[in-house]
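Enquirer: Below are the structure tokens for one structure; questions will follow.
The values are calculated or read from the model by the stated rules, or taken from the named source; none is laboratory data. If you're wondering where the values come from, they're calculated on a predicted model, not measured in any experiment. Virtual Cβ from ideal backbone geometry, glycine too; neighbours counted across all protein chains shown. For accessibility, only protein heavy atoms count, side chains too; no ligands or nucleic acids. Shrake-Rupley method; radii C 1.70, N 1.55, O 1.52, S 1.80 Å.
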Amino acid sequence: NTLTASGGVDVQGPEGHLTADTLTYNTSTDQLTASGNVVFTDKDKTTLKLNKLTLTGQLKTGTAEALRLAIPQLGEIMQAQSAERTADNRYRLNNVTYSPCKECNGFGNKPWTIHARTITYVPETADTGAELRYAHATMDVLGMPVMYLPYFSHPIGPRKPKTGMLPPQFGHSTVHGDELRMGATINSPYENADYTLRTRLMSSSGAQLIGERRQITDRTHSEVRGSYLNDTRTGKVRSHLDVEADYVFQPGLRMGLNGEIASDDTYLNDYFDRNDPYLASTLYGEWADRDRYTALSTTRFQDLDPTKRAGNTAQVMPHAQLEQMLDLGGGTQLTFGGDMVSLQRGQGIQSRRIITQANLVHPMLWNDGSKVTLGGRIRGDMYNVDGSGNNGNVARALPEATLGWEKPYISPGGTHTITPRVLGAISFHGGNPEGVPNEDSVAYELDANNLFQESRFAGFDRVETGPRLIYGVDNTWGDAHATQWRLFLGQSLRKYDDNNLPQSGGAATPVSDWVGTAEANPVDWFSVTNRFRLDNATFDIRRMDTGVQFGRIGDWKPWMRAGYSFLDNDTENLTTDLNLPLPYITDGLRFVAGSRNDLRFGHTLEAEGGLVYRRDCYELSFKTRRRGFVNGSIQPSTDYLLNIQLLTLGSESD
């Protein structure tokens, strides 16, 4: 009942592939015994190298001696004195050494190694990734024992969420003192939810607790984040809460909450490096299909400017929107819309408004390649205002007609396209009566993106009126796959002066500033984008936003980005980001840096720089950050952060 084979034995089975010098098979017990240069590879490509292996005939269960384990993602990672393979595809290993590291040159030891009495290898399933579970383990660093671990586990192979500890981070700040950041994540795969808990211990500011919860189901999605700090530096309790949640009743019909609140104006800036001008919390419901959109919402704003009083901030209670589109055929569309909002304040102006409008768009394509678009709009507004010098009701009617034309001219080779474009608009002059408050149209900036809009104001409270003519020319060079060069230049004319337009916006005079965009992307490792606004008479630069990129973005590729922003008589900023691998010093080392500078006043707002070193099994990073601005109680500070990650043991980035 025994079959013996020797000399390059090769066995194939449904559960794996076995090679050995000698193999014995007992037909009575259905047992295989392999010895001499034994290599077993299962159907998941996990490879065992060992001296002796005993398996069932179907290669499902067995025992092994002097085993070495290799997996496709990391190679050989483990050695064991003996092992067992169970029917559920698990391995139990005894007297084990685990490390995915290579030996450090000059030390004769690996950077880190784990020795354990037993390790259980659990293969990947549909819900969880592969993992190793340890019992009675010791961690060594460069051959020196540093930690005893009675039990722990970690994922290996492809990234999948897993319950466990996150790697610690160490830091120092001139404001918050010495820092230690620790965290843990809890994954609930069958509930489609996970939790992350963090603690930030600061010698000068106390202990900060941070929690997150995320969940998704067939109908719901929710994310909740919050923090709490009894700030020993200021003597105040500080906190924040952020909630995102929605429930889908049916496709197109849902309700939800997107909200965030902070205990004070500077908390998020001080502890989370956020520069939000305000926080918004919106409770909403919406219904949409192919031709209709309806929404009802209410929003609470929290202004984070320390110099402003909270009672002056407008609160939206409520806001209703309705839009209905009718397809009249031939590309012609008729759209009806309505917008109703009530703004409340603790102090200052209270207002209610109702906006109704109808828009007709009729495009025509001519045989010569021209596109002509006829448009018409009628809009009626009703405002009710109190708390100002113009209390009471104000009504206005805003009819408007537009005619647009554009036509591309393409060179014989197809590499150059010139597209002139013209838009004419006509409406009654003076559509902004004094009694209409300006709540949502404070922002106005003429640029290449909004040049051909009938009104460049944000919101509804202010509109551009009177006869207007807008024109521009777009030039592009390149092929069908990419634009290598582009230059756009345009301008608008109006018959009347409009004192509702801000002087700095670029269109306050009848002849507006010139606006344009220039792009250059001659090769895939270099690009320049420039948006500009030039004075209509002198061509002096009144606004410029420029972005430059060298290199292809990637951790181990050299690249640099710079952004320059200039606004006449207002701001001038420069931002930079740099990633520079240093292989001439050592492989795996790179220098990273970034800055934000106020060129108008000649000082650095924020700057950061540091080194990141990554090997096969760990990553070290040391960064220094300087914050040079003052915001309320926040003073300039210098921070130092050291982060250590043992790769393959699980982290937020690996």
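Enquirer: Using only helices, what value at 222 nm comes out for the chain when you add -39,500 (n - 2.57) per DSSP H run of length 4 or more and divide by the total residues, to the nearest 500 deg cm²/dmol?
Expert: 0 deg cm²/dmol
Enquirer: Can you list the residues, at least 5 places off or on another chain, whose amide H is less than 5 Å from the amide H of residue 253, using H built in the peptide plane?
Expert: 288
Enquirer: How far apart, in nm, are the 7 Å Cα→Cβ label points at residue 246 and residue 426?
Expert: 4.3 nm
Enquirer: Also, quick follow-up: Can you give the accessible area per residue of the stretch 167-295, in Å², using a 1.4 Å probe?
Expert: With all protein chains present, the stretch 167-295 gives 53 Å² per residue.
Enquirer: OK, next. Sum up the charges of everything whose Cβ sits under 12 Å from the Cβ of residue 405, counting Lys and Arg as +1 and Asp and Glu as -1, but leave residue 405 out.
Expert: Neighbourhood net charge equals +1.
Enquirer: Separate question: Can you give me the % of accessible surface on the chain that is carbon or sulfur? Probe 1.4 Å, all protein chains present, nothing else counted.
Expert: Looking at the chain in its full context, I get 56 percent from C and S.
Enquirer: Using 0.36 nm per residue, how much length does the chain from residue 419 to residue 41 gain when fully extended, once their Cα-Cα distance is taken away?
Expert: 129.8 nm
Enquirer: Rank 55, 72, 17 by how far each Cα sits towards the positive end of the charge dipole of the stretch 1-102 (+1 on Lys, Arg Cβ; -1 on Asp, Glu Cβ) and give me just the farthest.
Expert: 72
Enquirer: Taking a probe of 1.4 Å, how large is the accessible area per residue of the stretch 494-546, in Å²?
Expert: 51 Å²
Enquirer: Here's another thing I want to ask about it. Which order do the peptides 639-649, 547-557 take when ranked by the mean count of other beta-carbon atoms within 10 Å per residue, highest first?
Expert: 639-649, 547-557
Enquirer: Report the local net charge at residue 478: Lys and Arg +1, Asp and Glu -1, summed over other residues whose C-beta lies under 14 Å from its C-beta.
Expert: That works out to -3.
Enquirer: Given a 1.4 Å probe, how much area per residue of the stretch 327-438 is accessible, in Å²?
Expert: That works out to 54 Å² for each residue.
Enquirer: Rounded to whole Hz and in sequence order, give me ³J(HN,Hα) for the stretch 266-277 from the Karplus expression 6.51 cos²θ - 1.76 cosθ + 1.60, θ = phi - 60°, writing x for Gly and Pro.
Expert: With coefficients 6.51, -1.76 and 1.60, one gets 10, 4, 5, 5, 5, 10, 10, 6, 9, 10, 4, x Hz.
Enquirer: What nm value, rounded to one decimal, do you get for the distance between residue 209 and residue 371 when each label is placed 7 Å out toward the C-beta?
Expert: 5.7 nm
Enquirer: Also, quick follow-up: Below 8 Å, C-alpha to C-alpha, sequence gap of six or more: please give me the relative contact order for the chain in percent.
Expert: With pairs under 8 Å counted, the relative contact order is 6 percent.
Enquirer: How far apart, in nm, are two points set 7 Å out from the Cα along the Cα-to-Cβ line at residue 548 and at residue 403?
Expert: Going from the residue 548 label point to the residue 403 one covers 4.6 nm.
Enquirer: Another question about this same structure. Whole-Hz Karplus ³J(HN,Hα) for the stretch 140-148, in order, using 6.51 cos²θ - 1.76 cosθ + 1.60 and θ = phi - 60°, x for Gly and Pro?
Expert: 10, 10, 6, x, 9, x, 10, 7, 9
Enquirer: Here's a follow-up. Using the Cα centre as the reference, give the magnitude of the dipole from point charges on the C-beta atoms of the chain (Lys, Arg: +1; Asp, Glu: -1; all else neutral), rounded to the nearest 20 debye.
Expert: The calculation lands at about 820 debye.
Enquirer: Which whole-Hz ³J(HN,Hα) couplings does the stretch 528-545 yield from phi under the Karplus relation 6.51 cos²θ - 1.76 cosθ + 1.60, θ = phi - 60°, glycine and proline marked x?
Expert: With the stated coefficients, the stretch 528-545 comes to 9, 10, 9, 10, 9, 9, 10, 4, 5, 10, 9, 6, 5, 6, 10, 8, 8, 10 Hz.
Enquirer: Separate question: What number comes out for the charge environment of residue 204, summing +1 per Lys or Arg and -1 per Asp or Glu over other residues with Cβ under 13 Å away?
Expert: Value of the local net charge: -3.
Enquirer: Say the dipole of the stretch 273-403 comes from +1 at the beta carbon of Lys and Arg and -1 at that of Asp and Glu; which of 284, 335, 402 then lies farthest toward its positive end?
Expert: 284
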